[in-house]
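S.K.: Quick one: the structure is below, and I'll ask about it shortly.
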Amino acid sequence: MYQIIVFSLSALLTASILLAFRRVEDERFDKFLKWLTMAFCAVGFFRFVLSDSFIYVINGGWFNGEYYKTTDVLQSILRWGYYSSYSVLPVAAICKGRFFRSVSSYYCLPFAILTTVFFNEHMEYFLSDMGHGVHTSSTFRYVYFVLELVIAITIPLLIQLRYKHVINLRDKKEVINFFTGLLFLIPATMPVYVAQSFVGYRVNTPPMFGNFHITWIVLLFVVTVALYYAFRFKSYKERYQLCLFLTILLFFHYDSLYLMGMTIKRLPFQLCNIASYFYIIALAFDLKKMFQFCFLANMVGTLIAILMPDFSVGSFGFWNMHYIFEHSLVLIIPAMVMGLRIHPRIDRKSLKYFFIGFTAYFMFAFIMGTVLNGYSDITGEKVNYFFMFDLDMAFDYFPFLKFIERYPVSFGRFEFYPFIVLIIYVAFSLLSCLFYLVVKFAYKLEDDHLELRRSGIELYERITKKTSKRPKYFID
């Protein structure tokens, strides 16, 4: 029944839009499609706030004293494929690139249709009492999911029918780009709860610099370098599409956190959490100063988080996958935006923007942390923004700092330790300045490498009397 409703409404909506815009220029239709895609993203954003018990599909894993023996392979595959729509459709609508339009037509659309076919199986998880998100009436949840699927099907159909988009099978380069791009896109768009549904938890808590941790670092390095070398000589449009896709992907990866419930501790006040909002704002509105602050602050912050990870129980569990995906993207995005010249290189003024932005953020995190912890006896939750409020964790890493616990400052129900606050602010600022010097040195290495590369190409052309296919200069 609901499948028929979704397919009927999708066909009706698509036909109505095409008829309404049949004599309207493409520019106005482009704007409408962008707004429709933004509506889809908004619906998707709030969907992850709602209850979904699929987070407890754990293949052979222990959780809260219960052993989970089975998995739901079909549901895992459907959710994995459908999840890509949240990050692919906005780029396809905004940037009009052939790759993302092909993915929306030949990957996202089939999974949206399959998700509709298995509509009832999804609803069983949405309506289960096990979910931690916001529980609503079954009527609202049915209507909400119908609305989401109708838009998810309509957008790719509009791209195909209005723009007459089809993949050019005679163009070998386009076909190769499509399939090689999918090899990156598919693992990148895996929902954070899918790994545990396929392979279970595996290891209780991964140790620092154990096999699991080292594998993550190596893969992260390989992916970052591969993306840079694959896109450094591409057009600005292609480079921008990559960065926009990664930024939207980070936004939804962070949003999926709320499947475990929206609590005070999960508000986006940690530096890496707030990056999911800052990145997309800075990139969408071309806020270069804001992104330079993000580049220095978030690169340093996420490098610390990657090298000194706070892993949870279950190497492939929800929390670890969320931690890995979020911090990987928080690192890759600024590296790509700066390395691929979407924004200009940092300079001395960037340090000024960093100190202004970081000081404002640090004071905000300090005030909010102090206030929220002061009322923790009421809320039942304590926060540890920027690691200013968990002395035990600080002492585990730096035992020589134990003297600071003798100097608390208290007023009423509020308490903080000024020495730890000052030490963290100064230490992070110094690390960011050091990172700035490292980046400037990396710029010089890149320039020297490109100059050497150009010399090699020119020498080849002089000797062979042929024009090299390798590009000499960046396309900006």
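The values are calculated or read from the model by the stated rules, or taken from the named source; none is laboratory data. Computed from a predicted model, the values in this text were never measured in an experiment. Note that we place each Cβ from the backbone using ideal geometry, even for glycine, and neighbour counts take in every protein chain shown. Quick note on the areas: whole protein, heavy atoms, side chains included, nothing else; ligands and nucleic acids left out. Shrake-Rupley method; radii C 1.70, N 1.55, O 1.52, S 1.80 Å.
S.K.: I'd like the full set of residues that are crowded, with 19+ Cβ neighbours inside 10 Å and among the aliphatic types (A, V, I, L, M), limited to the stretch 343-352.
M.R.: Result: I346, single match.
S.K.: If the Cβ limit is 6 Å and pairs must be 6+ apart or interchain, which residue in the stretch 394-410 that is farther than 20 Å from T370 by Cβ pairs with which residue that is surrounded by 12 or more Cβ atoms within 10 Å (Cβ to Cβ)?
M.R.: Sorted first by the residue in the stretch 394-410, then by its partner, the pairs are K402/F395.
S.K.: For the stretch 86-121, what are the residues that are among the polar types (S, T, N, Q) and open to solvent by less than 10 Å² (accessible area, probe 1.4 Å)?
M.R.: S87, S102, S104, S105, T115, T116
S.K.: Moving on. Pull up the stretch 44-57, narrow it to residues that are touching a helix residue (DSSP H, G or I) at 6+ places or on another chain (Cβ under 8 Å) and either modelled with pLDDT of 95 or more or hydroxyl-bearing (S, T, Y) (or both), then point me to the one that is nearest to L149 (Cα to Cα).
M.R.: S51
To keep it simple, each residue is scored yes or no on (1) under 31 Å from the mean Cα position of the chain (by Cα); (2) more than 21 Å from K164 (Cα to Cα); (3) crowded, with 17+ Cβ neighbours inside 10 Å.
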site	(1), (2), (3)
M1	no, yes, no
L18	no, no, no
M38	yes, yes, no
R47	yes, yes, yes
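S.K.: Could you grab me the full set of residues in the stretch 313-331 that are open to solvent by less than 10 Å² (accessible area, probe 1.4 Å) and touching a Ser or Thr at 6+ places or on another chain (Cβ under 6 Å)?
M.R.: N320, V330, listed by residue number.
S.K.: For the stretch 377-416, which residues satisfy the criterion of being more than 26 Å from G301 (Cα to Cα) and either open to solvent by 100 Å² or more (accessible area, probe 1.4 Å) or polar (S, T, N, Q) (or both)?
M.R.: Within the stretch 377-416, D377, I378, T379, R406, Y407, S410, F411, R413 qualify.
S.K.: Which condition from (1) touching a residue at least 40 places away in the same chain (Cβ under 8 Å); (2) closer than 17 Å to A360 by Cβ; (3) not basic (K, R) is the one that I281 breaks?
M.R.: Only one criterion is unmet by I281, namely (1).
Conditions tested, residue by residue: (1) within 29 Å of the chain's Cα centre (by Cα); (2) not polar (S, T, N, Q).
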residue: V383; (1), (2): yes, yes
residue: E405; (1), (2): no, yes
residue: P418; (1), (2): no, yes
residue: L430; (1), (2): yes, yes
residue: L459; (1), (2): no, yes
residue: K465; (1), (2): no, yes
residue: S468; (1), (2): no, no
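S.K.: Would you call V134 touching a Leu at 6+ places or on another chain (Cβ under 6 Å), in contact (Cβ under 8 Å) with a residue 12 or more places away in the chain and open to solvent by 10 Å² or more (accessible area, probe 1.4 Å)?
M.R.: Considered against the rule, which asks whether it is touching a Leu at 6+ places or on another chain (Cβ under 6 Å), in contact (Cβ under 8 Å) with a residue 12 or more places away in the chain and open to solvent by 10 Å² or more (accessible area, probe 1.4 Å), V134 comes out as yes.
S.K.: Residues in the stretch 174-223 that are open to solvent by 30 Å² or more (accessible area, probe 1.4 Å), of a type in the set (S, T, N, Q) and assigned to a helix (DSSP H, G or I): how many?
M.R.: 4
S.K.: Could you say which residue among I424, I475 is of a type in the set (A, V, I, L, M) and part of a helix (DSSP H, G or I)?
M.R.: I424
S.K.: Across the stretch 20-30, which residue is nearest to the chain's Cα centre (by Cα) among those that are surrounded by 11 or more Cβ atoms within 10 Å (Cβ to Cβ) and part of a helix (DSSP H, G or I)?
M.R.: Per the stated criteria, the residue is D30.
S.K.: Considering each of Y436, Y443, Y460 in turn, give the residue that is assigned to a helix (DSSP H, G or I), touching a Ser or Thr at 6+ places or on another chain (Cβ under 9 Å), touching a residue at least 60 places away in the same chain (Cβ under 8 Å) and at negative phi.
M.R.: Of Y436, Y443, Y460, the one residue that is assigned to a helix (DSSP H, G or I), touching a Ser or Thr at 6+ places or on another chain (Cβ under 9 Å), touching a residue at least 60 places away in the same chain (Cβ under 8 Å) and at negative phi is Y436.
S.K.: Would you tally the residues in the stretch 155-201 being aliphatic (A, V, I, L, M) and under 30 Å from R22 (Cβ atoms)?
M.R.: Looking only at that region, the number is 8.
S.K.: Let me ask another. When you go through (1) open to solvent by less than 30 Å² (accessible area, probe 1.4 Å); (2) in a helix (DSSP H, G or I) one by one for F355, which number turns out not to apply?
M.R.: (1)
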